[in-house]
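What follows is a short report on a single structure.
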Amino acid sequence: MSFFARHTFSLISATVFMLFASLVLWAYNHDLERDLQRPISPTYPTEQSKVIIAYHNRPNIPHINYLLTNTLTQNPIKKIAYTLLLASKPQHKILTAYAYYAQFGQVQGLAKAAHSYFGVSVQHLSIGETLLLLELAQNPHLPITTPTTALQLRDRLLSDLYNHHTLTQTQYQTECQKALALAADHKPIN
């Protein structure tokens, strides 16, 4: 095979591959858009978006796009496509879908988890309670229903976000002073 024929074949092969990949991404984008449209309104405290994003940008914590992709599909090819496609989606859509689909212990969805673990609506979650639920999504066997463990974990998470300049000193102090009441007994821990 001549040099010209080899390179022409390589160029045609690359073009066909790119066309195929584009068609696959286009089809998967339709599926992803359908999944992202299901939650009609945000199911998380919108004023805490910065905190939720900061939590997932910490070292050793999977990025929120990765977690959402794993929640939406088990197909390895679709996971790659979703990961690529989520990079171009608005952050509020990603947060809303994550809050709707993610598993928080035995409960799916942030709204249900807020009610189940703390006995409040998602709009009434404190920053510390939101962080506890996000941590529960990472480790479903975390004993956040144990009062002292929950309080220590909340304070550690708040301290971590304060040290990474996500929380102001006022926010940090206010959140540390808030009572942490679990839904099981509705009694403040601190």
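Annotations
- Given (1) more than 30 Å from HIS115 (Cβ to Cβ); (2) free of Cβ contacts under 8 Å to residues at least 12 places away in the same chain; (3) in a helix (DSSP H, G or I), number of the condition GLU33 does not satisfy: (1)
- Selection status of ASN65, on the phi > 0 side of the Ramachandran plot and either in a helix (DSSP H, G or I) or surrounded by fewer than 17 Cβ atoms within 10 Å (Cβ to Cβ) (or both): no
- The lone exception for GLN74 - which of (1) of a type outside the set (Ser, Thr, Tyr); (2) without any contact (Cβ under 8 Å) to a residue 24 or more places away in the chain; (3) part of a helix (DSSP H, G or I) it fails: (3)
- Hey, ILE53 hydrophobic (A, V, I, L, M, F, W, C), open to solvent by 40 Å² or more (accessible area, probe 1.4 Å) and either in contact with a Gly (Cβ under 6 Å, 6 or more places away or on another chain) or within 24 Å of HIS165 (Cβ to Cβ) (or both) or not: yes
- From the list LEU158, LEU131, LEU153, the lone residue that is in a helix (DSSP H, G or I), at pLDDT 90 or above, farther than 20 Å from LYS50 by Cβ and open to solvent by less than 50 Å² (accessible area, probe 1.4 Å) is LEU153.
- Pair list, Cβ < 6 Å and 6+ apart or interchain, from the stretch 162-178 residues that are among the polar types (S, T, N, Q) to residues that are open to solvent by less than 80 Å² (accessible area, probe 1.4 Å): THR166/ALA54
- Qualifying residue in the stretch 14-23 (condition: within 21 Å of LEU136 (Cβ to Cβ) and open to solvent by less than 40 Å² (accessible area, probe 1.4 Å)): no
- Out of ALA81, ALA97, sole residue that is over 9 Å from the mean Cα position of the chain (by Cα), assigned to a helix (DSSP H, G or I) and surrounded by 15 or more Cβ atoms within 10 Å (Cβ to Cβ): ALA81
The values are calculated or read from the model by the stated rules, or taken from the named source; none is laboratory data. All figures in this text were calculated on a predicted structure; none of them were measured in a lab. We place every Cβ from the backbone using ideal geometry, glycine too, and count neighbours over all the protein chains shown. These accessible areas exclude ligands, DNA and RNA; they are computed on the full protein's heavy atoms, side chains included. Shrake-Rupley method; radii C 1.70, N 1.55, O 1.52, S 1.80 Å.
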